[in-house]
Each structure stands twice: as structure tokens, then as C-alpha cells.
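Where a number appears in this text, it was derived from the coordinates with a stated rule and is not lab data. If you're wondering where the values come from, they're calculated on a predicted model, not measured in any experiment. With ideal geometry, Cβ positions are generated from the backbone for all residues, glycine too; neighbour counts draw on all protein chains shown.
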Amino acid sequence: MSLPELDNLVCIGQLKAEPRNDREVTRMLAMAQTRLSDAKLNKLSLEGRFTSACNAAHAAALAALRWHGYRSENRYTVFQCLTHTLGWPANRWRVLDTAHQKRNLAEYEGYLDVEESTVTEMCALVQGLITDVQVLITK
């Protein structure tokens, strides 16, 4: 399903248009659920749980983007596109972007400052994201 706003991002090289691959979408959604389950495991470190929640969010958001026939290699763009792929308001997808920025600090600078409440909030948000993608692909 072509979306004009996403087509504009294709024109400027932020996205690539590719035919939808339902198997890929299903695999990404399954990966998102697995990563979310990992994020809920209290036996894992807080940092590991946070990273798992971030990876779950990315997989689910990318599944929504792929369902619409687009691909991005930029995590920020994948989250930003939730406005168009799922109708998410900015205040929801920006939480994922903020988490992504924290994840980047951890990955590239070795600094991560997260609290248990952050992981709990992320898990709830990601569960909602997964549910929204499931609704999208079963319409």
C-alpha cells in the first residue's frame, strides 16, 4: 500500500520502496515478540533488558513499514514513519526515538543510564506497538 508521505521519503532517499513480503513481516513481528519477552526477564541485566526492548520496538516498527512496501536502514526513520504506517502520534513514537538515542550512547560511547521504570514503560509501549502491527496485518 503506497502512502504519499512515505513516497516523498523514497524520493529523497530516506526509504526504499520494495514489494511487501508477508513472510518477512511475520518473521519480524515474531522477532519483536521474542525480544519483548527477553526484555521482561528479570534475570537479565537492566541494560540487556533495555536493549532487548529497543530491538523489539525496531523489529515491530520495521514490520509495519515493510507491510506497507517500504524499507529503511535508519532506525530513527522507522520510528518516525509510525505516524504514517500505524497512525501513531508523535508523543508515542518519540519515546522510541529517545530510547534509540540512549541505546546509541551505550553502543558507541559505552554510556547507558536507564532505570527500571524506563524498561517497564518501553515494554508496555512495545506491546502496544506489536498489537497495532498485528491488527494492521490481519485487516
With label points built 7 Å along Cα→Cβ from the Cα atoms of Glu5 and Asp38, find their separation and express it in nm.
3.0
Alpha carbon centroid spacing (whole Å) that separates the range 37-63 from the range 68-139:
11
In vacuo Debye sum over C-alpha of the range 1-57, base-10 log of normalised intensity I(q)/I(0) at q = 0.13, 0.17, 0.26 Å⁻¹, listed in q order, is -0.52, -0.70, -0.91
Extent along principal axes [Cα atoms of the range 4-138; Å; largest to smallest]
41, 31, 23
Skipping prolines and chain starts, which residues have an amide H placed within reach, meaning under 5 Å, of the one on Tyr70, given they are 5 or more residues away or on another chain?
Glu18
In the chain, with Lys and Arg counted as +1 and Asp and Glu as -1 at Cβ, which of these residues, Val133, Val95, Leu82, has the Cα nearest the positive end of the dipole, that is, farthest along it?
Val133
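Please give the length that would be gained between Arg71 and Gln101 if that part of the chain were fully extended, namely 0.36 nm times their separation in residues minus their C-alpha to C-alpha distance (nm, one decimal). Let's see the in-between values first.
On the way: separation 30, 0.36 × 30 = 10.80 nm, distance 2.04 nm.
Length gained, Arg71 through Gln101: 8.8 nm.
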Comparing Gln14, Gln33, Gln127 in a Gaussian network model of the chain (Cα, 10 Å), the one with the largest mean-square fluctuation is Gln14
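If the convex hull of the alpha-carbon atoms of the range 52-111 is projected onto planes in all directions, what is the mean projected area in square nanometres? Mind dumping the intermediate values first?
Details: hull surface 15.4 nm².
Quarter of the Cα hull surface area: 3.9 nm².
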GNM, the chain, Cα, under 10 Å: largest mean-square fluctuation among His58, His84, His68?
His84
With +1 assigned to the C-beta of every Lys and Arg and -1 to the C-beta of every Asp and Glu, and no other charges, what is the dipole magnitude of the range 12-72 about the Cα centre in debye, to the nearest 20?
60
What is the fewest-to-most order of Lys40, Lys16 by other Cβ atoms lying within 10 Å of their Cβ?
Lys16, Lys40
Rounded to 10°, Cα long-axis angle of helix 46-67 versus longest principal axis of the chain:
10
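Between Glu116 and Ile137, what's the calculated FRET efficiency when r is the beta-carbon distance and R0 is 30 Å? Round to 0.05.
Numbers: r = 32 Å, r/R0 = 1.06.
Here the calculated transfer efficiency is 0.40.
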Go ahead and collect, in residue order, the members of the range 72-98 whose backbone nitrogen is under 18 Å from a label point 7 Å along the Cα-Cβ direction of Tyr108.
73-80, 96-98
Just rank Met31, Met122, fewest to most, by other beta-carbon atoms within 10 angstrom.
Met31, Met122
Nearest-20 debye value, the chain charge dipole, Cβ charges on Lys, Arg, Asp, Glu
400
What ³J(HN,Hα) values, in whole Hz, does the Karplus curve 6.51 cos²θ - 1.76 cosθ + 1.60 give for the range 31-38 when θ = phi - 60°, with x put for Gly and Pro?
5, 4, 5, 5, 5, 5, 4, 4
